[in-house]
Amino acid sequence: MERRQSGGAVTAILANALEEGLIDAVVTVTADPWTQRPQSVVITKTEALITTAGSRYAWWVPTLAALKSAVVTQKRERIAIVGVPCVVSAARMMQTSDHDLLRPFGRAIRLIVGLFCTETFDYELLINDKIVRELAIEPWQIAKLDVRGGKLIIETTDHAVREIPLDALDDCVRRGCHACGGDLTAVDADISAGSMGSPDNETTLIIRTPAGVGFVDHAAETGRLVPEEDACSLEGILSLSQKKSKRIH
Ligand SMILES: Cc1cc2nc3c(=O)[nH]c(=O)nc-3n(C[C@H](O)[C@H](O)[C@H](O)COP(=O)(O)OP(=O)(O)OC[C@H]3O[C@@H](n4cnc5c(N)ncnc54)[C@H](O)[C@@H]3O)c2cc1C
Ligand code: SF4
């Protein structure tokens, strides 16, 4: 799976769930490959999940708008949502609320997948100001963006790699993220996923609920997911979680 961000575990779990009929839609974030502008979408086909895998760091879109489209317009009843921790907390609150207007959404949410998140970037400031103007890379030349080892790594379609230290991107971080502390790993999710703690090209999964166990076990049984239990290192995750929580204390 070429487009995956780390180990492709998130896509594997979701693709398996769609194919097995455990879910009928995935609410997630993709990006226009020409502009790299992110958008929230409802995906119902495995092929679309695979071609849109990977992380969008210039996140700004209202993920829950796609949830409204899935529930109200498309009448989907078994939905998985993928989101950064703030989105995950909102989705979980909707799922557990007994407010009349939220109950249809709560009933339709079957799985919440959280992505580890330290910060996200403003699209204009990151893509247009830093990458297009300063590095002279057009958005459609970006094959992959990754945050690793304190750097933003930009892989281009001609297989060149450029790096920007995260310190140099401080001005591009979305303002709200500067005040976001305490939740690096999406504690309200059924399954949380990140790259830190695992070797390159593997995903760290934290399985938090019985629903999370069910979806992971199903994907492992069908061979879509190849788990290695307790293979990840918690040290780096704990230390970064503590660092993030200090932002608000
Ligand atoms: C903004 C952001 C910041 C992150 N920061 C960290 C970090 O500091 N440390 C760390 O270890 N990991 C971080 N991650 C998670 C990491 O980049 C991978 O998403 C994770 O390791 C899962 O990899 P995978 O190969 O299993 O996912 P894939 O199989 O590639 O699947 C990723 C899924 O996430 C969806 N998606 C992509 N971007 C978004 C988004 N912005 N919002 C909602 N859904 C999205 C895709 O549509 C796809 O379904 C971050 C991710 C994002 C989006
Ligand atoms: S840093 Fe916090 S507010 Fe910003 S996207 Fe991540 S979880 Fe949301």
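The values are calculated or read from the model by the stated rules, or taken from the named source; none is laboratory data. Given the structure is predicted, the values throughout are model-derived calculations rather than measurements. No Cβ is skipped: glycine too gets one built from the backbone with ideal geometry, and neighbour counts run over all protein chains shown. The area values use the complete protein model at the heavy-atom level, side chains included, leaving out ligands, DNA and RNA. Shrake-Rupley method; radii C 1.70, N 1.55, O 1.52, S 1.80 Å.
The table that follows gives values for the structure above.
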| quantity | calculated |
| --- | --- |
| Test for residue 198: is it crowded, with 17+ Cβ neighbours inside 10 Å and within 15 Å of ligand 2 (Cβ to nearest atom) | no |
| Segment 201-227 - residue that is of a type in the set (D, E, K, R) and without any contact (Cβ under 8 Å) to a residue 12 or more places away in the chain and, of those, most open to solvent (accessible area, probe 1.4 Å) | 221 |
| Unique match (being more than 16 Å from ligand 2 (Cβ to nearest atom) and closer than 30 Å to residue 245 by Cα) among 81, 137, 127 | 127 |
| Complete set of residues in segment 197-218 that are at pLDDT 95 or above and of a type in the set (Gly, Ala, Ser) | 211, 212, 214 |
| Residue satisfying condition, being within 14 Å of ligand 1 (Cβ to nearest atom) and surrounded by 13 or more Cβ atoms within 10 Å (Cβ to Cβ), within set 71, 82 | 82 |
| Filtered residues of segment 228-249 (kept if within 20 Å of the chain's Cα centre (by Cα) and without any contact (Cβ under 8 Å) to a residue 24 or more places away in the chain) | 238 |
| Strands (runs of 3 or more DSSP E) contained entirely in segment 125-231, each with at least 1 residues that are among the basic types (Lys, Arg) | 142-148, 151-156, 161-165 |
| Residue count for segment 192-248, restricted to those that are under 16 Å from residue 17 (Cβ atoms) and out of contact with any strand residue (DSSP E or B) (no Cβ under 7 Å at 6 or more places or on another chain) | 13 |
| Yes/no for residue 114 being assigned by TED's automatic domain parsing to the domain that holds residue 208, within 13 Å of ligand 1 (Cβ to nearest atom) and buried (at least 24 other Cβ atoms within 10 Å of the Cβ) | yes |
| Subset of segment 94-124 [part of a helix (DSSP H, G or I), in contact (Cβ under 8 Å) with a residue 12 or more places away in the chain and not charged (D, E, K, R)] | 94, 95, 104, 105, 106, 108, 123 |
| Residue that is farthest from ligand 1 (Cβ to nearest atom), among those in segment 85-105 that are open to solvent by less than 100 Å² (accessible area, probe 1.4 Å) and among the aliphatic types (A, V, I, L, M) | 102 |
| Checking residue 39 against (1) surrounded by fewer than 19 Cβ atoms within 10 Å (Cβ to Cβ); (2) under 16 Å from the mean Cα position of the chain (by Cα); (3) touching a residue at least 24 places away in the same chain (Cβ under 8 Å), the condition it does not meet | (3) |
| Of all residues making up segment 52-68, the number that are aliphatic (A, V, I, L, M) and surrounded by fewer than 16 Cβ atoms within 10 Å (Cβ to Cβ) | 1 |
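Condition check ((1) open to solvent by 70 Å² or more (accessible area, probe 1.4 Å); (2) within 19 Å of residue 122 (Cβ to Cβ); (3) modelled with pLDDT of 95 or more) across all residues:
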{"position": "154", "(1), (2), (3)": "no, yes, yes"}
{"position": "159", "(1), (2), (3)": "yes, no, no"}
{"position": "162", "(1), (2), (3)": "yes, no, yes"}
{"position": "166", "(1), (2), (3)": "no, yes, no"}
{"position": "185", "(1), (2), (3)": "no, no, yes"}
{"position": "188", "(1), (2), (3)": "no, no, yes"}
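Let's see how each residue does on (1) in contact with an Asp or Glu (Cβ under 7 Å, 6 or more places away or on another chain); (2) modelled with pLDDT of 95 or more; (3) under 22 Å from residue 202 (Cα atoms):
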residue	(1), (2), (3)
13	no, yes, yes
28	no, yes, yes
33	no, no, no
62	no, no, no
69	no, yes, no
73	no, yes, no
